[in-house]
Amino acid sequence: MRKHAMVCSIQLALLSMAAPALAQSTSQGQPQQLDTIQVTGSRIPRAQVEGPAPVTVVTAEQIKSAGFTSVPDVLRSLSQNSGSVQGQQNTTGAQSTPGAQAVDLRGLGPNHTLVLVNGRRIADFPLPLNGRSNFTDVGNIPLGMIDRIEVLTGSASAVYGSDAMAGVINFILKKSTDGTTFDYRFGDTSRGGGSSRNLTITTGFEQDKFSGIVGVELINKHPLWGTDRNVQDSTLDSPAEERRLPRLIAQLQNWDDDENIAPDDGCAAMAGLNGGTTVLAENDYGPYCGSERAIAYRTIQNERKGFNAYGSFEYRFNDALSWFADVQLGRQKVKLLTGTNGNDVASDHMGWEFHDPNSTNNYRNKIFYNATTERYENWARQFTPEEVGGLRNRMNTTTQKTFAVTTGLKGMFAEEWNWEAAYNHSQYKADVKMPRIKAAAANRLFLGELKGYDDDGIAIYTPDPARLFTPLTQAEFASIAAMSTFRPEAKNDNLSFTVDTASLFSLPAGDVGFAGAVEYGEQSYKINPDPLALTEDAYYGPRYGDGSGDRDHWSAAGELRLPLASSLQASVAGRYDRYSYGSKSPGKFTYSAGLEWRPLDTLLLRSSYGTGFRAPDMHYLFAGNDYYRTRFATDYFQCRTAEPGVTDGYCYDDGSYDGSTFDVYSGNMNLDEETSKSFSAGFVWSPVANFDLAVDYYKIRIENQVQTQDRELLRITEANCRLGSTDSGAAVDINSPTCVDALARVIRDGDGNITSVRFGPINIANEETSGIDVAANYRLQTANAGDFSITGQYNWTHRHTRQQFPGDPKEDMLDVSFSATTLPRVKSNIGVSWDKGAWGASLFGNYLGKVANYDNDAWTEATWRFNAGARYDVTDHLRVSVSVNNLFDKMPPKDPTWSNYPYYDTSWFDSMGRSYYLQLTWKLGGKAL
């Protein structure tokens, strides 16, 4: 089937408004080779094929040329991908969503970027990011099967529906191939560790009316450990002297005197642990057993093994009707190891610190009364590789199982109309095995049997201190260790019917193009946690909550392409979406409009405006109870009652009114949708066939953004309501909705002490960003020196502000004083390639502007990272390629304030260093490479 010229024009000029399914529309007429895949590097002036909103296209050839070896690597290089997302060694992210990787266009959050594969939605990663919001995992999309990646930024809900607020990333997988191609890649690092092997096989067939393509990708990537890099293999790498102390391995603390008690043998019994690095150390509280090496027991790069398979098929009944199907299947096992920073073992799955949920003290239930020594004590222990049977026995293991199928019929009627009826199903299931310590068993192993409770409600034991400082056998460790297994799953089902025509009716300047779609879908997820993980203190370390839910969704959308004059075209799109879950049925209409004016064949002036929305996040709606024990929760009411006239800041700093609370987080079924508006304006200039330049201004604003309630603010608000005024004297009405809510959320016992704060997500925040995008392409063909190509992208963010709560001042997320992660103002990249006959070479540079240091009082230096590659065609069907990533072996920039492990910002940097790859491409049959 061949595309009608007008349909192609609509798709190219209005990609921001073209329904994904319409990309497969067909009609009679002459074929037009103006598809977005051919814009970059084409001799067609770019000003003739671009539309009202800028679209970035990354082809498979560009991916290879730049040396990228994974989809996250490709997306991190995009200048529009300016958000801070979790790296593979981010402790919090790796624990909550192990093995998954997100993308964050414009820095507006991963859950505001819509990710599509072949124009279809795919199931979310089944565990929520940081225990809060859902997102799409881009880590398991098969790189070797990508034909191109199309990136549209801005509010595009009028076409794509919910989630398309910061933009849309559409992965277009290969639809055809000639012959059979084998791609084998071997990779390693110059500093050692993290080697990888990858094999991709694609083949196609065409038998009369039936054609298709089948591909499989095999992955074997070894982990890279913190112990493999000298910039983070020891506490001695910390820039702060106080953090260079050995990591805690065993500590016995006299709580009454706030001092540590040294073992009688001076840690001699433990000297052989951690590779012989365990010694008697001393901190501000006194002596303890520690190791400077134990801090690095975690992975920098995850281990990943498995496969992805993909098939695309079509059967043509006749020129007006065909059946199609796209199928994806993947199974990957991802292993990683995370840890805690410094000497804090409070959430470490390789550590234990006594705590008892039945104790009634205000110190996180972590002290007990030692009847032998007649003092209150706290014991803590970090387990070593020798005791656990090797670090691999404590790795978090996630088996990712993905499946997606799209099938349907497409065809043509009344000569001018194309149609498609499709069903899409996608699912993401995982077996997540999290190593844990059984709290009761560990208490019994180290302290013996519980003897009861004293008059203050504190647990009584008669332990032998030698037990704490004696190495465990692997059998003893196994008796307190557990593998807590979650089996989360997420599903997406969708039915759609689309139509389009290149000539709905005629205007003086030409035919009006039209596209329409109706959709119905169902979405669901279940965390399916280990039941023991939901009970209080069954395991030691971080807790994880539950959540499950489903909802229905239907929508109707329409688009028009209006030629107002020979050089002026307008486009409009509208869409209505309605969701149904529980007793709620929220709906939203969104629209977009664009203008294109071509005063010259080589110049396009363009502008677009769009509205967007995000339906309430599934986990924000359906999250079950999750529990957080807070050690020092300030009671502002008691403080200001006892000491009238003091400020909230005084109460917080004083600490006299701090207590331990058991807080509860849960979902909110009454959330409203988030909304957004976006605007862009710019030009595309193609003065000659081998050069083009695009410059665009953009502005995006998100309102009614979901924000998890601040427990500190809830306690302050509750005090203001009970006292009738703020700490500055402003009157507060106890009957106001804010007070009614806060009083219900802050729970007190019969003695008036806070025991719990009930908190959850609410619609409250606003966020806005604006800036300029620049993209340029230059191509030079010479008779003797070969062909050269230069491409570049540049993003300069003018403003990015956030207001978390009404009445708060706007926070500048580009300012070095911003309390959270500061975003870079500038991101850019440049690529240069050369081809001459059988030879080729390339150089790709990625620039990250300065970001804030850890203390948020100064900037770290801007950084460049370069990849280089070369290829030689042994024959026209056999190619040898070599690429080197991080060509100059750059390590993360030094930050003298980043004293926590790994001593640099994992959102932007890693210490993998230089890596190199050798690739063989062999093609059987078909055209030349």
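The values are calculated or read from the model by the stated rules, or taken from the named source; none is laboratory data. Predicted, not measured: the structure shown is a model, and the values here were computed from it. Virtual Cβ from ideal backbone geometry, glycine too; neighbours counted across all protein chains shown.
Summary of computed values
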item	result
Some residue of the range 308-318 being in the same structural domain as Pro385 (by TED's automatic domain parsing), touching a residue at least 60 places away in the same chain (Cβ under 8 Å), buried (at least 18 other Cβ atoms within 10 Å of the Cβ) and within 34 Å of the chain's Cα centre (by Cα)	no
Meets criteria (surrounded by fewer than 24 Cβ atoms within 10 Å (Cβ to Cβ), touching a Ser or Thr at 6+ places or on another chain (Cβ under 8 Å), part of a loop (DSSP other than H, G, I, E, B) and modelled with pLDDT under 90) for Gly51	no
Where a residue in the range 267-284 is over 13 Å from Glu387 (Cα atoms) and its partner, wherever it lies, is of a type in the set (Lys, Arg) and buried (at least 16 other Cβ atoms within 10 Å of the Cβ), with Cβ under 8 Å and at least six apart	Thr277/Arg293
Among (1) modelled with pLDDT under 95; (2) within 30 Å of Asp183 (Cβ to Cβ); (3) surrounded by fewer than 17 Cβ atoms within 10 Å (Cβ to Cβ) - the single one Phe909 does not satisfy	(3)
Any hit, the range 204-223, residues being part of a loop (DSSP other than H, G, I, E, B), of a type in the set (A, V, I, L, M) and over 30 Å from Thr897 (Cα atoms)	no
Some residue of the range 615-628 being of a type in the set (S, T, N, Q) and under 31 Å from the mean Cα position of the chain (by Cα)	yes
Residues that are surrounded by fewer than 18 Cβ atoms within 10 Å (Cβ to Cβ), among the aliphatic types (A, V, I, L, M) and touching a strand residue (DSSP E or B) at 6+ places or on another chain (Cβ under 7 Å), drawn from the range 697-731	Ala731
Residue selected from the range 297-307 under the condition crowded, with 23+ Cβ neighbours inside 10 Å and not β-branched (Val, Ile, Thr), by the criterion modelled with the highest pLDDT	Arg304
Given (1) modelled with pLDDT under 95; (2) buried (at least 16 other Cβ atoms within 10 Å of the Cβ); (3) closer than 24 Å to Gln523 by Cβ, index of the condition Thr602 fails	(3)
Residue list for the range 226-279, restricted to those being among the hydrophobic types (A, V, I, L, M, F, W, C), in a loop (DSSP other than H, G, I, E, B) and under 16 Å from Ser291 (Cα atoms)	Leu245, Ala262, Cys267, Ala271
Ala694 vs. criteria assigned to a strand (DSSP E or B) and of a type in the set (Gly, Ala, Ser)	yes
Subset of the range 788-809 that is in contact (Cβ under 8 Å) with a residue 40 or more places away in the chain and part of a loop (DSSP other than H, G, I, E, B) - its residue that is surrounded by the most Cβ atoms within 10 Å (Cβ to Cβ)	Gln804
Residue, surrounded by the most Cβ atoms within 10 Å (Cβ to Cβ), within the range 852-891, restricted to residues that are within 24 Å of Ser195 (Cβ to Cβ) and hydroxyl-bearing (Ser, Thr, Tyr)	Ser883
Residues located in the range 568-590, provided they are under 20 Å from Val168 (Cβ atoms) and surrounded by 18 or more Cβ atoms within 10 Å (Cβ to Cβ)	Ser571, Ala573, Gly574, Arg575, Asp577, Tyr579, Lys588, Thr590
Of the criteria (1) in a strand (DSSP E or B); (2) under 30 Å from the mean Cα position of the chain (by Cα), which one Glu420 fails	(2)
Filtered residues of the range 555-581 (kept if over 27 Å from the mean Cα position of the chain (by Cα) and among the aromatic types (Phe, Trp, Tyr))	Tyr576
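The rows are residues; the columns are (1) more than 30 Å from Met434 (Cα to Cα); (2) at pLDDT below 95; (3) among the acidic types (Asp, Glu).
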residue	(1), (2), (3)
Glu489	no, no, yes
Asn494	yes, no, no
Leu504	yes, yes, no
Gly513	yes, yes, no
Glu519	yes, no, yes
Asp530	no, yes, yes
Thr535	no, yes, no
Pro542	no, yes, no
Ser583	yes, yes, no
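Okay, residues lined up against (1) over 28 Å from Gly545 (Cβ atoms); (2) of a type in the set (Phe, Trp, Tyr); (3) touching a residue at least 24 places away in the same chain (Cβ under 8 Å):
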| site | (1), (2), (3) |
| --- | --- |
| Phe125 | no, yes, yes |
| Pro128 | no, no, yes |
| Val138 | no, no, yes |
| Ser155 | yes, no, yes |
| Lys174 | yes, no, yes |
| Thr180 | yes, no, yes |
| Ser211 | yes, no, yes |
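Condition check ((1) over 30 Å from Pro599 (Cβ atoms); (2) hydroxyl-bearing (Ser, Thr, Tyr); (3) assigned to a strand (DSSP E or B)) across all residues:
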site: Ala478; (1), (2), (3): yes, no, no
site: Ser484; (1), (2), (3): yes, yes, yes
site: Val518; (1), (2), (3): yes, no, yes
site: Pro529; (1), (2), (3): yes, no, no
site: Ser555; (1), (2), (3): yes, yes, yes
site: Glu559; (1), (2), (3): no, no, yes
site: Pro563; (1), (2), (3): no, no, yes
site: Arg578; (1), (2), (3): yes, no, yes
